[in-house]
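Accompanying notes for the structure given below.
The values are calculated or read from the model by the stated rules, or taken from the named source; none is laboratory data. As the structure is a computational prediction, the values presented were derived from the model and not from experiment. Heads up, the Cβs are rebuilt from the backbone with ideal geometry, glycines too, and the neighbour counts pull from every protein chain shown.
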Amino acid sequence: MDEQKPQFESLDPADWDDTRKLAHKLVDVAVDHTRDVRNRAVWRDMPSDIRERFEAPLPQDPTVLENVMIDVNEAVLGYPMGNIHPRFWAWYMGTSNFTGAMADFIAAIQGSNLGAGNHAASLIDNQVVSWLREMVGFPDYASGTLVSGGSVANLIGLTVARNTKSGIDIRQEGVAAMDKPMRFYGSDQIHSCHQQAMETLGLGNRALVRIPSKSDLSMDVDALRAAVESDRKSGLNPACVIATAGTVNTGAIDDLMAISEFCKTEGLWFHVDGCIGALLAIAPENKWRVTGIEFADSVALDPHKWLHAPFEVGCALVRDKSAHLKTFSLTPEYLEPAQRGLAAAEFLHDYGIQTSRGFRALKVWMSLREHGVKKFGRLIDQDIAKAAYLTDLIDQASEVELLFPTNINIVCFRYDPGGCDEGRLKSINTEIMLRLQEDGTAVLSDTTVHGQHCLRVAINNHRTRTEDLDLLISEVVRLGAEVTG
Ligand SMILES: *Cc1c(COP(=O)(O)O)cnc(C)c1O
């Protein structure tokens, strides 16, 4: 054997001093990238030479890390989605924060697996869950788990609801053993992840009854009452109401108090999809909007949205801890807890479907400690004030109209020069949206609500300033004239 060659290879660098220098450079790049975000285009399309770099074959042999970093710098950092930019308002994202990003780095360095164990990361995971529980006013006996995002958080809540309300030992017997088909209820504005959850749970899309929304886009609770009554009469098993606190289309909030009362009387599971709005509970001026969320049986929320944690982190909270554990807990012989040592701790994988779990708690923990929850609450109020400002701008502009009342931080509007039918308006507005993206000015998205197409600005963005919104409206008017001109 070659004398120079160590007996075993490892992934550690040959020279830690070189690595330190490279890591320092990386930090400089990261700070500049974040500091200067406002000066760059929100988004730009990738030229073919950039795309080609991502089509290279599986590397068999090493590349000097510095050269890999050049690609990261030019191709990866150069062509982001854009959602950390002050003028990104599409879909519903968070804007991230530098401390959270540092936390992700150090969490990976520390490297713990949060499936289980008696170690610091587990305690932080528990602590973050209990802080989130406190934010929405849940009792301290409730359980919770950090997951990849809102979709999985909702799936967790709905799974506990299904198992608890099925009337059978569903873990053993499966959905086929239910004597009556289950029914879950949500408004026609419900997020698509619930349909996927129903399909995944083996209940099927048909078991998710869409209750009509009223003109304010919140669930019509009278229609809910009628649907549950009629389903009972037809021999179905009404099981769960999914209330939305902040719909993705317009930010509408279902009447949580009324739905909570209704669920209590009817013996239904009360789940709240709070991916957008649960955290309103920490916002001094707007927390009244989610009164009643504290009575839910389960809540899904999304720290990677209104807490601006870097992706991914969602959270499922369940009021009845034993129902939560009963749904997921499973201890194979190789994962038995111990009396002492590393395995002497509650097993966190018992609260969901992942065995290995990343240390996503740290980014929430560090940012909350740095800023305090009060500041995050003020930032939420501030986003809602920005949306009100944009709504005023739209009211003042003659060729731009608001299509739905602005409830929280989502504004739905369109450019309308007059004399166009719906089809023409849709194509004009789609073109405006695409040109805004391609110019790198702003990224917004569009949607169709109650049959009306509109541009949609979701201001979940601690970097947005009023001048950004001024620019948006002046550009919409300019591009609108250009498109129709
Ligand atoms: C974002 C969102 C979800 C899905 O959450 P992800 O974090 O994207 O998985 C579910 N419901 C609502 C209302 C949302 O806004």
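Tabulated results
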item: Matching residues in the range 165-199 - criterion: being over 25 Å from Ala226 (Cβ atoms) and among the hydrophobic types (A, V, I, L, M, F, W, C); result: Ile168, Ile170, Val175, Ala176, Ala177, Cys193
item: In the range 413-432, the residues that are surrounded by fewer than 21 Cβ atoms within 10 Å (Cβ to Cβ) and in contact with a strand residue (DSSP E or B) (Cβ under 8 Å, 6 or more places away or on another chain); result: Asp416, Glu422, Leu425, Lys426, Ile428, Thr430
item: Meets criteria (more than 11 Å from the ligand (Cβ to nearest atom) and in the same structural domain as Ala107 (by TED's automatic domain parsing)) for Phe311; result: no
item: Top-ranked residue in the range 408-449 [being out of contact with any helix residue (DSSP H, G or I) (no Cβ under 9 Å at 6 or more places or on another chain) and touching a residue at least 40 places away in the same chain (Cβ under 8 Å); ranked as farthest from Pro86 (Cα to Cα)]; result: Val449
item: Residues located in the range 314-347, provided they are within 16 Å of the ligand (Cβ to nearest atom) and of a type outside the set (A, V, I, L, M, F, W, C); result: Gly314
item: Test for Ile168: is it away from the ligand (no atom under 16 Å from the Cβ), surrounded by 18 or more Cβ atoms within 10 Å (Cβ to Cβ) and hydrophobic (A, V, I, L, M, F, W, C); result: no
item: Wholly enclosed strands (runs of 3 or more DSSP E) of the range 243-356 bearing at least 1 residues of a type in the set (S, T, N, Q) and under 22 Å from the mean Cα position of the chain (by Cα); result: 298-301
item: Conditions (1) surrounded by fewer than 17 Cβ atoms within 10 Å (Cβ to Cβ); (2) within 18 Å of Ala90 (Cβ to Cβ): number failed by Leu403; result: (1)
item: Selection within the range 209-243 - in contact with a His (Cβ under 9 Å, 6 or more places away or on another chain), surrounded by 19 or more Cβ atoms within 10 Å (Cβ to Cβ) and within 27 Å of Pro405 (Cα to Cα); result: Ser213, Leu217, Val241, Ile242, Ala243
item: Condition check for Trp131: away from the ligand (no atom under 16 Å from the Cβ), under 30 Å from Val31 (Cβ atoms) and in contact (Cβ under 8 Å) with a residue 60 or more places away in the chain; result: yes
item: Index of the failed condition, Gly144 passing every other in (1) within 16 Å of the ligand (Cβ to nearest atom); (2) over 22 Å from Val318 (Cα atoms); (3) surrounded by 23 or more Cβ atoms within 10 Å (Cβ to Cβ); result: (2)
item: Any hit, the range 227-247, residues being of a type in the set (Val, Ile, Thr), away from the ligand (no atom under 16 Å from the Cβ) and modelled with pLDDT of 95 or more; result: yes
item: Single condition Leu307 does not satisfy, out of (1) free of Cβ contacts under 8 Å to residues at least 24 places away in the same chain; (2) in contact with a Phe, Trp or Tyr (Cβ under 9 Å, 6 or more places away or on another chain); result: (1)
item: Subset tally (residues that are crowded, with 19+ Cβ neighbours inside 10 Å, part of a helix (DSSP H, G or I) and not basic (Lys, Arg)) for the range 357-378; result: 9
item: Search result, residues across the range 281-308 that are more than 14 Å from the ligand (Cβ to nearest atom) and not acidic (Asp, Glu); result: Ala281, Ile282, Ala283, Pro284, Asn286, Lys287, Trp288, Arg289, Thr291, Gly292, Phe295, Ala296
item: Matching residues in the range 158-176 - criterion: being in a helix (DSSP H, G or I) and out of contact with any Leu (no Cβ under 8 Å at 6 or more places or on another chain); result: Val160, Ala161, Asn163, Thr164, Ile170, Arg171, Gln172, Glu173, Ala176
item: Filtered residue count, the range 177-222, keeping only those that are touching a residue at least 24 places away in the same chain (Cβ under 8 Å) and outside any loop (DSSP other than H, G, I, E, B); result: 20
